[in-house]
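Accompanying notes for the structure given below.
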Amino acid sequence: ISPQVVENYDGEDIVLNKEKNIIMTTKEFPNLKNYKGLTLVTTDGTTLLGADDKAGIVEIVEAVKYLSEHPEIEHGDIRIAFGPDEEIGRGADHFDAKGFGTEYAYTMDGSVLGELQYESFNAAQITYKITGVSVHPGTAKGKMKNANMIAAELAMLFPEKEVPEHTDDYEGFYLLYNMEARIESAEMSYIIRDHDKEKFLARKKFAEEVAAKINDKYGNVVEYEMYDQYYNMGDVIKEDKRCVDIAEQAMKNADVVPIIIPIRGGTDGSKISYMGIPTPNIFVGGENFHGQYEFSCLEHMKKASDVIVEIAKLAKK
């Protein structure tokens, strides 16, 4: 990763890599216009930046550094944890919630300035394994079961518009994120997402019914494995929203306008909340995560660090 720093950004297209003609354009990313005059950290166009979530680590360390340099600031006990594997939904599997010893916590894993999130998806994954029958095409009539075609048919049973590219806000979705297929076998992996628990359960049931329909038509050619990944932390946090109220006030104290929206994803806080520690999510000041056009805003990262300090002040009792 070769980060680049763009100072006093002019609001126009950013050349990430002149040699390879890789440009982050305002036409494709109009959100860039929101950062005119600020300092951006970008990629060189050939890798992601890793701001999700190195930015959060930086902000936590800077906040602790500031507090250690200002012992006059009163605050309660502060617990810090850095965890791996958040992006695959397993980052908190071995988190010692009891040993962490706190009443509430926060993940620094959001995006744009002001984001404060305490609702996440309920999440599951289902993997279908299709067993076909490969026969020479010249003598295949009545014998071949083409797993490629069966997989395509299975995919077409899912609602066309209930996918990430056609949903937002509280709308759930199905996502076919990986598929490998040959005539004799195929494997398809879907993730299932919904904020509403009842709708989530209905989606899981639908995914099972899809396999049943294919099996009714072709014989028992489909097996599947489904497991839950995490649940909507809002169902826990709504019972005690003190952590949300404190974060909201901390943002206001740091001259940041709170933007309270649901996460269209999950954070480690999704699992940690169900371990007994309500854990909302706070912005880190970056956008376009998980790709070559990822960037962070230095000034907004500083604001995120300021919010941590303000939370510490408010939690002094």
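Give the residue that is most open to solvent (accessible area, probe 1.4 Å), with candidates limited to residues of the stretch 104-133 that are under 19 Å from Lys303 (Cβ atoms) and among the hydrophobic types (A, V, I, L, M, F, W, C).
Of all residues in the stretch 104-133, those under 19 Å from Lys303 (Cβ atoms) come to 106-117.
Cutting the leftovers down to among the hydrophobic types (A, V, I, L, M, F, W, C) gives us 108, 112-113, 116.
Working: Met108: 15, Val112: 40, Leu113: 57, Leu116: 0 Å².
Here the residue is Leu113.
Within the stretch 94-108, residues that are among the charged types (D, E, K, R) sit with their Cβ atoms under 9 Å from residues that are part of a helix (DSSP H, G or I), at 6+ positions apart or across chains, in these pairs: Glu103/Arg242; Glu103/Cys243. Of everything listed in (1) without any contact (Cβ under 8 Å) to a residue 60 or more places away in the chain; (2) open to solvent by less than 80 Å² (accessible area, probe 1.4 Å); (3) at positive phi, the single unmet condition for Gly142 is (2).
Please work out which residue is farthest from Ile126 (Cα to Cα), limiting yourself to the stretch 208-231 and to residues that are of a type outside the set (Val, Ile, Thr) and in a strand (DSSP E or B).
Here is the first cut: in the stretch 208-231, the residues of a type outside the set (Val, Ile, Thr) are 208-209, 211-213, 215-220, 223-231.
With the extra rule that they be in a strand (DSSP E or B), the set shrinks to 223-230.
Values: Glu223: 10, Tyr224: 7, Glu225: 6, Met226: 4, Tyr227: 7, Asp228: 9, Gln229: 10, Tyr230: 14 Å.
Per the stated criteria, the residue is Tyr230.
Taking the stated definitions as given, is Lys204 farther than 26 Å from Lys145 by Cβ, of a type in the set (D, E, K, R) and in contact with a strand residue (DSSP E or B) (Cβ under 7 Å, 6 or more places away or on another chain)? Write out each step before concluding.
Values: farther than 26 Å from Lys145 by Cβ: yes; of a type in the set (D, E, K, R): yes; in contact with a strand residue (DSSP E or B) (Cβ under 7 Å, 6 or more places away or on another chain): yes.
It is true that Lys204 is farther than 26 Å from Lys145 by Cβ, of a type in the set (D, E, K, R) and in contact with a strand residue (DSSP E or B) (Cβ under 7 Å, 6 or more places away or on another chain).
When Gly291, Gly265, Gly269 are screened for being modelled with pLDDT under 95, outside any loop (DSSP other than H, G, I, E, B) and open to solvent by less than 30 Å² (accessible area, probe 1.4 Å), only Gly269 passes.
Of all the residues in the stretch 168-207, those that are open to solvent by less than 70 Å² (accessible area, probe 1.4 Å), under 24 Å from Ala152 (Cβ atoms) and assigned to a helix (DSSP H, G or I) number 4.
The values are calculated or read from the model by the stated rules, or taken from the named source; none is laboratory data. Remember, predicted model here, so these are calculated numbers, not experimental data. Every residue, glycine as well, gets a Cβ built from its backbone with ideal geometry; the counts of neighbours run over all protein chains shown. Calculation scope for accessible area: heavy atoms of the full protein, side chains included, ligands and nucleic acids excluded. Shrake-Rupley method; radii C 1.70, N 1.55, O 1.52, S 1.80 Å.
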